[in-house]
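Report on the structure given below.
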Amino acid sequence: MDTERPSHERPPWLVVGVGPTRESRGALLWALREAGRRNGTVLAVTVWDGGPEHERVAREAELVARVRAAVEETGVRGRTQTQLVAGPVADVLTALSEDADVLVLGQHHTTA
C-alpha cells in the first residue's frame, strides 16, 4: 500500500538558494512570504565548494544569520529549514528542487 500523500495534500515545499547578494536576499524574503501565504515550508540552501571544517562552520553560520534576519523582517516564523551543501550549484539545486513545488533564485541583471 502506498503511504505517500499526493503532492496536492502536503504543505508546499519551497527551495531557495541563499548567498551574499542582494538578489539572493530578495529571493529568500519572497520565499518566506510565499510560504506564509501558502502554509508551506522553505528549505534555504547555500551551496559551496567544500573545504576545511572551519570554513564549513563559517558558511553555515552565515546561512543561519541570513535566514534569521529574513525571518525577523518578514515575521514568517517556524517555516524554514537550512542546509549547507557542497557541490556544483546547478546540480545541487536541481536535485533539491526535484520534490519542491517552487525553486526560488535571485536574478542578477547586468547592463551593457
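A short reminder: the numbers here are calculations on the coordinates, not readings from a lab. None of the values given here were measured: they were computed from a predicted structure. So basically every Cβ, Gly included, is an ideal-geometry build from the backbone, and we count neighbours across all protein chains shown.
With the biggest extent put first, the Cα atoms of region 28-112 measure 38, 33, 32 Å across the principal axes.
Rounded to the nearest Hz, the phi-derived 3J(HN,Hα) couplings of region 87-96 under the Karplus curve 6.51 cos²θ - 1.76 cosθ + 1.60 (θ = phi - 60°) are x, x, 3, 4, 5, 5, 5, 5, 5, 5, where x marks glycine and proline. Comparing Thr80, Thr41, Thr94 in a Gaussian network model of the chain (Cα springs below 10 Å), the most mobile by mean-square fluctuation is Thr94. What you get for the chain, charging only the Cβ of Lys and Arg (+1) and of Asp and Glu (-1), is a dipole of about 540 debye around the Cα centre. Per-residue ellipticity at 222 nm from helix content only, as computed over the chain with -39500 (n - 2.57) for each DSSP H run of at least four residues, stands at -14000 deg cm²/dmol.
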